[in-house]
1. If a residue must be over 28 Å from A:Val151 (Cβ atoms) and assigned to a loop (DSSP other than H, G, I, E, B), how many such residues does the stretch A:73-120 contain?
2. For the stretch B:81-108: of the residues being among the charged types (D, E, K, R) and within 15 Å of the chain's Cα centre (by Cα), which is nearest to the other protein chains (Cβ to nearest Cβ)?
3. Here's a check for you: in the stretch A:215-240, which residue that is loosely packed, with under 15 Cβ neighbours inside 10 Å and within 8 Å of chain B (Cβ to nearest Cβ) is modelled with the highest pLDDT?
4. Taking the stretch A:190-214, which residues are in contact (Cβ under 8 Å) with a residue 24 or more places away in the chain, away from chain B (no Cβ under 14 Å) and hydrophobic (A, V, I, L, M, F, W, C)?
5. For the stretch B:34-71, which residues satisfy the criterion of being in a strand (DSSP E or B) and either surrounded by 23 or more Cβ atoms within 10 Å (Cβ to Cβ) or of a type outside the set (D, E, K, R) (or both)?
6. Specify the residue that is farthest from A:Cys124 (Cα to Cα); the eligible residues are those in the stretch A:1-60 that are more than 8 Å from chain B (Cβ to nearest Cβ) and under 19 Å from the mean Cα position of the chain (by Cα).
7. What number of residues within the stretch B:1-59 are out of contact with any Asp or Glu (no Cβ under 8 Å at 6 or more places or on another chain), hydrophobic (A, V, I, L, M, F, W, C) and within 7 Å of chain A (Cβ to nearest Cβ)?
8. For the stretch A:165-189, how many residues are facing chain B (nearest Cβ under 8 Å) and either more than 30 Å from B:Val73 (Cβ to Cβ) or part of a strand (DSSP E or B) (or both)?
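The values are calculated or read from the model by the stated rules, or taken from the named source; none is laboratory data. Since we're looking at a predicted model, the values are computed, not measured. Cβ sites come from the backbone with ideal geometry, for glycine too, and all protein chains shown count toward neighbours.
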Amino acid sequence: MKPAEYHQRDRSLHPPALTPKYKTSVARSPRWPMISLENTISEITGPRFGHADIDPIDNDLIRNYAKTGDPVGERIIVHGRVLDENARPVPNTLVEIWQANSGGRYRHKKDTYLAPIDPNFGGCGRTLSDENGQYAFRTIKPGAYPWRNRVNNWRPAHIHVSVFGSGFLQRLITQLYFEGDPLIAHCPIVHAIPDRDAVQQLTAKLDLNATIPLDSIAYKFDIVLRGRRSTLFENRLEGN
Amino acid sequence: MPQELHYLRESASQTAGPYVHIGLAPGAAGFDIYREELGRDIAGPNAKGQRIRVEGLVIDGTGSPVKDVLLEVWQANANGHYAHPEGGGPVEDGFRGWGRVITDFDSGEWGFDTVKPGPVPGRNGSVQAPHLNLWIVARGINIGLNTRMYFPDEADANAADPVINLIEWEKRRATLIARQSEDRDGVPVYRFDIRLQGDDETVFFDI
């Protein structure tokens, strides 16, 4: 069966544009309703990436910026699968991540938090999912950090995750949180998500089986992108 | 209990935050880590058609430029083909049709060089006017915003475009059409300011 259109995005699980407790959203949120488009060739296609675009070390944040030794902090593996809503693997898709160091400081010229930069930690990585949709990163567990929203807001430890899929309409940026972090319950950015289960789905679980004994703790984080129908009774997208 | 459907649910979006550059444009964050940052060369050296430059601002509801945006573009080549197995046909060697730019930390200006896309097929035998598909993320944007840029020198094609014509408010259609600026070094320059909110809010699409 030839794949047909993508499922309509379930907007009820995504944060709306305007979430006043996350103050920056107020001036940056469109007020008019979006115009809903049926899929065309412009939305079902999207960029593709290959092993020539990246290097094998790009998914190892412990080594990809090391200058004088390993970075400070809790060594972790983050692994999982990129799947679609039909539970099919999304193979060969680019997964990019970025994060603060173990002290909660970003290597960014606009970050002025007093926690120190780690000379051996860049804080970004990228990889391609394999033919089964599997991906893995090795990194340092990021620290929590304060941010200016109200005066005493702290972000839970998190890793930013960017994924492509095979069509531009699957493009997604999200954040990975860690099981058991008490700051998750207090974060206005997390609370922008109206659906509790959707927050749970962004919370990576300790995966002892994938842990490397005496070396690194592992967390499992599956990423789900929009799925696509395989319908028999459908006009083709180009309709000819 | 009726039968279970067993679909997975899409992962919820979260803002790209103020430090999106670390992950997606580390050079702009202030460090050098990758052999090559992705999305710098949209069309490649072999692309046929008219070379163009596209520039603009992203403006918030207070009228201020947003200075921490990351913007991605996805476009067809001059023949109206996307670089994808379902993209309608072959593309030139090195044509990816995808680019990634950030807004300047001081001015909020963004810009990229590419080729002008051709018309692409629409649904049910229609033809879509040449356009760039844009995706915008930033701090304060909870879920990436999709819009399109159309060309001011394609008035007839724009008038027949099935997507532009979906917009009931004719007045708002103009928000999707770039302005022609002065050529620079013989290259046409298009200006496309994106307004997140307020008067002349840009049309965004739920795709």
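1. Step one: of the stretch A:73-120, the residues over 28 Å from A:Val151 (Cβ atoms) are A:74-97, A:119-120.
Okay, now just the ones that are also assigned to a loop (DSSP other than H, G, I, E, B), so A:74, A:85-88, A:90-93, A:119-120.
Number of matching residues: 11.
2. Checked the stretch B:81-108; the qualifying residue nearest to the other protein chains (Cβ to nearest Cβ) is B:Arg96.
3. That would be A:Asn235.
4. A:Leu206, A:Ala210, A:Ile212
5. We begin by selecting, within the stretch B:34-71, every residue in a strand (DSSP E or B); these are B:51-56, B:58-59, B:65, B:69-71.
Listed by number, the residues that qualify are B:Ile52, B:Val54, B:Gly56, B:Val58, B:Ile59, B:Pro65, B:Val69, B:Leu70, B:Leu71.
6. A:Ser12
7. Of the residues in that region, 5 qualify.
8. Qualifying residue count, the stretch A:165-189: 4.
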